[in-house]
Amino acid sequence: MLSTHIKFFVRVFLKDKFFSLLNVLGLALGIGVGILLLLILQHDLTFDKHYADQENIFRLGGHFKATGADFPVARSARELGAILKSELPEVQEYTRANNWDHTLVKREKKNTAEVAYYEEDVVRTDSTYFHVFKHEFIAGDEKTCLNLLNSAVITESTAKRYFGNEDPLNQELSIDGQQWKVTAVIKDLPKNTHLKFDFLLSGLSKSREWVVDKGQIKSEAFWNPDVYLYLVMPNNYDPRSFVAKFVPIYNKYFKSFGDQVGGSYLPILQPLGDIHFHSTLQADEPLGNLSYLYAFTVIGIFIILLACINYMNLSTAKSMKRAAEIAIKKTLGSGKGSLVLSFLGESIFLSLISLLFAIALVLFVLKATSFNSLISKDLSPDFFHNPLLLIGSFAVALAIGVLSGLYPAFYLPSVHTLSALKGEFKNHASSHVLRKLLITTQFTISIFVVVCTFFMRDQINFVRNIDLGFSKENVLILPVQDTLVQNQLSAIKSEFLRNPKITASTTAYNVPGMGVGGPVMWAEGEAGMQQQAFKMMAVADDFFKTMNIDVLKGRGFQPGPNTDVDNIFMCNQAAAKLMGWGDDPVGKKVKWFHGKEDGRVIGMVKDFNYNSLHNAIEPLLLVKSRKEGGYLYLKMAGDHLPETMDYVRKKWSGFDPNHPFEYFFLDQRFNEQYESDETQYKLLSGLSSICIFVSLLGLLGLSAFTAAQRTKEIGIRKVHGASVPHIIYLLFREIMFLVMIAAVLVIPAAWYVIQQWLGNFAYKNELNYFTFALVGILALLFAFLTVAFHSLKTARTNPVVSLKYE
């Protein structure tokens, strides 16, 4: 019986190859997007869920408040872990982690070249790490591998990178200038974990030296969080109960210093699985964007609906061709139920064929394109080892098959038998209305996605090109890695400036766009000296000139190594406004939090965007670094950049032969802050193209069918003198009005969505409402070209041939 049905479905498929291929292509795109959506959802919604007992692991952050300061942070004081373990019985275990960014790792080999890389994923931790987080070990003992100082656990790919096929156990690596012994190798961490590392180092100290006074930990230590603290709690633990349990801890350890600064502290205990999407704390690891996931999901569902709409449209439009077939089946005794199942079977069969093409499409996208790099994930379409993906893919195909075939399955069996046998059957008026509604829906969705894409592109271009208040173009930045280089920076700058293609040079310990932070200070206010948090940059005296930052009041830092380095500050306009200093803050007092002497403001710079344009400019203090270092800035002429780069590389390698040559351009690094927004834009752009393509596929099939159905009418009109353009307009007129209605319907929805998205930016581009008209015109143009593809052939047909057409 099944084989008979399959043969029938194959015969129907082959009977009208053009329409069948259109349906398969549309459904394959819909299913393919559905599979990619499944992979992304599986990746993101299982973040950190691979750890054993992950539901019992929590991370402790906190919301610190004090006069002039408000810091919700993901970190805790390193001294807190042992206290919680000893004083709260529900804390079963704890471990701490501290990131080392951009760390030089070397394997020094005798008689061969050393292996050296800068590593970004280095973590210092406790001997208890593997008591909390379970990993798969390839070599070494998980119980003892972190017990000794200077022990290093590395991942499998890291072992391959540094040791090749050699056994890495008990071999040594130079990490940040110290020797570390490899004591274990573990499997590579999955991409969907928030605490990533390639190197896990032992020996995170129990406390910091400065916090201990006469054998006691200062209260101030607990107000200076510096590590990620993870706690293992009992089954079904409610993190909300932790706040009440924490009160005695606060009173004993936090309160003393908190009272001095007018502070309060609220512990925030986050379940491990909630961190990726639901953490809003500062100093957190890169987090997931739930709105981006929602947007991708919604547009993925849109594309699936578009593919289903295509099938429904074509099936109901072709009902006249199949009317006689249905009538004969009903005459031979087929009931409505069996006909419904037969048509549903057809759509499911077509959907399963499309599934094969969809799988091939997904494999191509993930293996042969940069899609994974674009979304910063490592999606793998491993259908045989991922049962959830396999079952989910079949479920998506089945659901699309059922949804696509639902209306045709119930509509086609309702064909009146006698009318069909006499050849008098015409589509019901209801089917014409439905087709118009579905076409309008298709173009509404497509135009909506395209309009949002255009507005996102405009905003990203706006933040890339806006005047930031400083010059970021053609500024090459070299990290200063060596103390010998640091001691010679003045001479090195002079040497580089001998090249006419290098126009200016300076140094700073901060780079705009790379997370400028700052301390709590004392600053003069209306009621005297008051606490206030500021952002802070430590720069050289020639920083403002090199970066074209305007000094509005007072003066900049005086040149020379020993001038303006003690208790001398400059501020930006935002700081002056915050403190009520007006337009001239020169002479106002500013003091370090533990400083003994008042400092003074000597000048005010014009506000410049030293952080992302997602945020407004924050109050900033600038100090002159006592000793130049951090980063060397070289401002280069815009022409002959490759030659200038070769010159810089050779010179720098001579100055610092002990470190690999490393550099970046300031504008590129600054624009990396908008990577997430660009990812959304590029994804939306690709999905909008798919939306348009799927919509036009359906329109192509529908226009071909409509043109064929009206061949005789067109022949009569041509006999009466109708021109080819008039006939094309006649066939396009209905679609034109539907597209225009769709374009109007899009306006309020697209305006609302893009306003919500722009809420992520403190600096917004003005919406260009002409975009709505432009996209509407483009939609009309594409629709016209699609309809004209078939209409032109029909319109040019000899009337004699057209009049013979049945």
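The table for this structure:
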| quantity | calculated |
| --- | --- |
| Strands (runs of 3 or more DSSP E) within the stretch 562-652 that include 3 or more residues open to solvent by 20 Å² or more (accessible area, probe 1.4 Å) | 589-592 |
| Of the criteria (1) touching an Asp or Glu at 6+ places or on another chain (Cβ under 9 Å); (2) surrounded by fewer than 18 Cβ atoms within 10 Å (Cβ to Cβ), which one Ser505 fails | (2) |
| Residue within the stretch 252-259 that is surrounded by fewer than 13 Cβ atoms within 10 Å (Cβ to Cβ) and under 37 Å from the mean Cα position of the chain (by Cα) present | no |
| Those residues of the stretch 374-394 which are out of contact with any helix residue (DSSP H, G or I) (no Cβ under 9 Å at 6 or more places or on another chain) and either open to solvent by less than 60 Å² (accessible area, probe 1.4 Å) or part of a loop (DSSP other than H, G, I, E, B) (or both), in sequence order | His385 |
| Of all residues making up the stretch 727-778, the number that are in a helix (DSSP H, G or I), of a type in the set (S, T, N, Q) and open to solvent by 60 Å² or more (accessible area, probe 1.4 Å) | 2 |
| Members of the stretch 128-182 that are open to solvent by 80 Å² or more (accessible area, probe 1.4 Å), touching a residue at least 24 places away in the same chain (Cβ under 8 Å) and either part of a loop (DSSP other than H, G, I, E, B) or of a type in the set (A, V, I, L, M) (or both) | Lys134, Glu136, Ile138, Asn147, Leu148, Leu149, Asp167, Asp176 |
| Test: residue in the stretch 622-636 that is more than 30 Å from Leu758 (Cα to Cα) and free of Cβ contacts under 8 Å to residues at least 24 places away in the same chain | no |
| 2 or more residues aliphatic (A, V, I, L, M) and buried (at least 16 other Cβ atoms within 10 Å of the Cβ): qualifying strands (runs of 3 or more DSSP E) within the stretch 48-123 | 57-66, 69-73, 103-107 |
| Single match in Ala538, Ala523 (criterion: over 25 Å from Leu641 (Cα atoms), modelled with pLDDT of 90 or more, aliphatic (A, V, I, L, M) and open to solvent by 10 Å² or more (accessible area, probe 1.4 Å)) | Ala538 |
| Leu200 vs. criteria at pLDDT below 95 and either of a type in the set (A, V, I, L, M, F, W, C) or outside any loop (DSSP other than H, G, I, E, B) (or both) | no |
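The values are calculated or read from the model by the stated rules, or taken from the named source; none is laboratory data. Since the structure is predicted, the reported quantities are computational estimates derived from the model, not experimental observations. As a convention, Cβ positions derive from the backbone with ideal geometry for all residues, glycine included, and neighbour counts pool all protein chains shown. Quick note on the areas: whole protein, heavy atoms, side chains included, nothing else; ligands and nucleic acids left out. Shrake-Rupley method; radii C 1.70, N 1.55, O 1.52, S 1.80 Å.
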